[in-house]
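As structure tokens, the structure follows; a few thoughts come after it.
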Amino acid sequence: MEQIWMHGKLGENHFSQLLLRIWKTEGSGRLEITKKSIDKRTAFHKGQLVIIKDFLDEEAFCDSLHKTKVLDSPSLKRCTKHAKDHKTSPLKTLIELAILTPVQLWDALEEYQREDLLPVFDWEQGEYFFDTEKPIHEHKILLRIHTPGFILDGIRHMKNEALLKSLAPEESKPVERLFPDSPESITLSAPEMYVISLIDTPKSLKHIYTTSELGYGETQKIICSLISLGFIGFPQKKKAGQVSPEIPKSEIYRILELFNEKCSFIFKYISKEIGPVALNILEKCLEDAKPSLSPIFEKARLGPAGKVETNSILKGGISLSREEFKVQVLNGLNDILVTEVLAVKRTLGNEHESTLVNHLKKIGEWN
């Protein structure tokens, strides 16, 4: 990937737009954001927000654990003294003295990073510099945070109503539901899914604000996050006389057969490790994925061999143009596979995930 270099003002690019650009370009580097006397620093590796030791003020981190009552005063003093006496890091000390478990410590690290950066979403002014010249070495990465999920969380926590209003499109603009092609699942809240359900057909933002039971402010905040992450967007106007060709039925059959070949392989792989319960896990994957998929997938079910029953998908896709098929069907098939692979990762671990992905690539691609 080409090196990217970004330097600008938050008044021209909101923090969410900056993060999304880094994510989409798979940028690696160090991001510095300043506003008057406030200086925020973080890092990215292949688009993913990461915590690295170089940017972590461990003393400040331990103080935050004390302020949030994760650490009591005696534990903090014991940790500080031990780290100083043995010339070791406070992080390692917290584990060695059994003050925190590794899971508790890493959860606290993620929360510390989030709390440090979330206020930036409300900044109207500030200068940013994304430096790709300083590489991020993987051995220095303590923790990875899914960037789109963090963007969603950041907009959810925004309190600057004037800034939110400036980010929202004009109320007269129509929006439609899209199906983003994301390498990882984004878990939407019930209110966010409710707003998406209001956009069953293209509607103006004014209509959505009026219809929503969430009220104007909360609905606008959700609209901003859904547009930012590609769950909704603006209808594309076709040029006069332009007709999008329908995708051939034979190609739909080929794609669905290839998709189910991958599903079947995933089922056999996980079944070999954990037995019959594998089917329950994959069934849950399909149901969990459905809220963010096209209505074409509403009646899709998982068969006993791990294959998805595709009759409803086939019927729904036959009359679609190639571009519509990509948005409504291909992205959905990709999302289902991603959800199943993530389930394998959670159940069996990272090594199994890597092995599985390599096997799936050998089966073939439909794009």
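The values are calculated or read from the model by the stated rules, or taken from the named source; none is laboratory data. Keep in mind that what you see is a predicted model, and the values were worked out from it rather than measured. Counting neighbours? That spans all protein chains shown, and the Cβs are built from the backbone with ideal geometry, glycine included. With ligands, DNA and RNA removed, areas are computed over all heavy atoms of the protein, side chains included. Shrake-Rupley method; radii C 1.70, N 1.55, O 1.52, S 1.80 Å.
Helix 102-117 and the longest principal axis of the Cα set of the chain meet at an angle near 80°. When region 238-367 is described by a simple charge dipole with +1 on each Lys and Arg Cβ and -1 on each Asp and Glu Cβ, the residue from GLY332, LEU320, PHE267 located farthest towards its positive end is LEU320. Rounded to the nearest 20 debye, the dipole size of region 37-97 about its Cα centre is 80 debye, using +1 on the Cβ of Lys and Arg and -1 on the Cβ of Asp and Glu.
Note on the chain: dipole from Cβ charges, positive end direction compared against GLN104, PRO291, THR34; the farthest Cα belongs to PRO291.
Accessible surface computed residue by residue for region 198-333, with neighbouring protein chains in place and a 1.4 Å probe, gives 53 Å² per residue. Once the Cα atoms are used to define both axes, helix 277-289 deviates from the longest principal axis of the chain by about 80 degrees.
With the alpha-carbon atoms of region 245-293 aligned to their principal axes, the span from lowest to highest coordinate is 45, 24, 9 Å, starting with the largest. For the chain, modelled as a GNM whose springs connect Cα atoms under 10 angstrom apart, the maximal fluctuation among HIS146, HIS207, HIS137 occurs at HIS137. In angstrom, the C-alpha Rg and Dmax of the chain are 23.4, 78.
The radius of gyration of the Cα set in region 1-124, together with its Dmax, comes out at 16.9, 50 angstrom. Each of GLU251 and GLU176 was given a label point 7 Å from its Cα along the Cα-to-Cβ line. The distance between the two points is 1.8 nm.
When the Cα positions of TYR216, ALA300, ASN311 are compared along the charge dipole of region 212-367, ASN311 comes out farthest toward the positive end, with charges on each C-beta of Lys, Arg, Asp and Glu. Approximating the spin labels as points 7 Å out from Cα along Cα→Cβ, the LYS272-to-ASP107 distance works out to 3.5 nm. Quick one: angle between helix 331-348 and the longest Cα principal axis of the chain, in degrees between 0 and 90, rounded to 10, please. The two axes meet at around 40 degrees. Could you work out how far the C-alpha centroid of region 83-154 sits from that of region 1-53, in angstrom? Measuring centre to centre over Cα atoms gives 15 Å.
Sorted by average packing, counted as other Cβ atoms within 10 angstrom per residue and highest first, what order do 255-266, 275-286, 328-339 take?
Values: 255-266: 18.7, 275-286: 15.2, 328-339: 20.9.
Order by mean packing, descending: 328-339, 255-266, 275-286.
Using a simple charge model, +1 on the beta-carbon of Lys and Arg, -1 on the beta-carbon of Asp and Glu, nothing else, what dipole does the chain show about its Cα centre, in debye to the nearest 20? It would help to have the intermediate numbers written out before the result.
Working: 50 positive and 52 negative charges, 64 e Å.
Charge dipole of the chain: 300 debye, to the nearest 20.
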